[in-house]
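Trainee: Here it is, the structure in full.
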Amino acid sequence: MPSAQTVQIKRVASACKGPLQIILLATSAAIVYGIVMDQITIRVCPEYFTVAHPRIINTGSLTLIGLAWGVVATWWAGAIAGVVFALAARAGSPAKLTSRHFVRPVLALLVAMAACAVAAGFAGDWLASTGQIPAVQAWGSLMPVEKHAAFMADLFAHAMSYFVGAVGAVIIALAAAWRRVSLLW
C-alpha cells in the first residue's frame, strides 16, 4: 500500500501534467517558429543580427547565429503564452481543456504570424528603399546604405511577428476560457 506522501506526490504530478503539456506546446511552437524565421531573416540582412543584436555565440556562421537567436528571442514569449493558455484551460472548476485543444489554434496563429511577417517585411523594404522611412539611426551608420532596406524588412517582419503573436495568444486564451464557460450551460 502506497504511503500518504506517495499518493500526494502522484496527485500533484497528475495535476501538473495538463498545464505543463500546454506550456510545452506553446513554448516549442514559438521556438520552432523563431528558428525558421531567423534562418530566413538572417539571410535577408545579416546585419540585423550582427550589428543590431548583441553577440550571444562566438561564431561567424549565419546558420548558428540564426539558430541561437531563434531560441533566445522566442522561448520566453512561448512560455508566457503557454502559461496564459494553461490558466485559461485549467484554472477553476469548469471542465478542463487539454493541450490537444490548442494544437490547431497555435498552428493557425503561426501561419498568421508568418503571413503578416512576410507582408510587413515587404512593406519595410519598400518604405526604406523608396525613401519613405529612414533606417533606424542607431544602426544605420554601422552598415552600408545598400543594406538599410533589407534591415528595415527584417525589423518590420520581426516586430509584426511579436505583435500578431501577442494578439493571437490573447485571442486563443479568451476563446479557451469562453469554451470552458460555455460548456457549463
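Trainee: Out of Trp185, Trp139, I need the residue that is at pLDDT below 90 and within 30 Å of Val84 (Cα to Cα). Which one?
Mentor: Checking each option against the conditions leaves just Trp185.
Trainee: Do any residues in region 110-136 that are surrounded by 15 or more Cβ atoms within 10 Å (Cβ to Cβ) have Cβ atoms under 6 Å from those of residues that are in a helix (DSSP H, G or I) and polar (S, T, N, Q), where the two are at least six apart or on different chains, and which pairs are they?
Mentor: Filtered contacts from region 110-136: Met113/Ser161; Ala117/Ser161.
Trainee: Which condition breaks for Val103 when tested against (1) touching a residue at least 24 places away in the same chain (Cβ under 8 Å); (2) closer than 21 Å to Leu24 by Cα; (3) surrounded by 14 or more Cβ atoms within 10 Å (Cβ to Cβ); (4) not acidic (Asp, Glu)?
Mentor: With (1) touching a residue at least 24 places away in the same chain (Cβ under 8 Å); (2) closer than 21 Å to Leu24 by Cα; (3) surrounded by 14 or more Cβ atoms within 10 Å (Cβ to Cβ); (4) not acidic (Asp, Glu) applied to Val103, the lone miss is (3).
Trainee: When you scan region 146-154, do you find a residue that is charged (D, E, K, R), part of a helix (DSSP H, G or I), at pLDDT below 95 and crowded, with 18+ Cβ neighbours inside 10 Å, even just one?
Mentor: Yes, region 146-154 has at least one match.
Trainee: Just one of (1) in contact with a His (Cβ under 9 Å, 6 or more places away or on another chain); (2) over 28 Å from Gly140 (Cα atoms) trips up Trp75, so point out which.
Mentor: Result: Trp75 passes all but (1).
Trainee: Also: Does region 126-133 contain any residue that is within 28 Å of Ile172 (Cβ to Cβ) and touching a helix residue (DSSP H, G or I) at 6+ places or on another chain (Cβ under 7 Å)?
Mentor: no
Trainee: Here is a further query. Out of all the residues in region 96-117, is one or more closer than 18 Å to His53 by Cα and modelled with pLDDT under 95?
Mentor: no
Trainee: Consider Ala123 carefully, then state whether it is part of a loop (DSSP other than H, G, I, E, B), within 24 Å of Asp38 (Cβ to Cβ) and touching a Phe, Trp or Tyr at 6+ places or on another chain (Cβ under 7 Å).
Mentor: The answer is no for Ala123.
The values are calculated or read from the model by the stated rules, or taken from the named source; none is laboratory data. Treat the numbers as computed from the prediction; the structure is a model and nothing was measured. Heads up, the Cβs are rebuilt from the backbone with ideal geometry, glycines too, and the neighbour counts pull from every protein chain shown.
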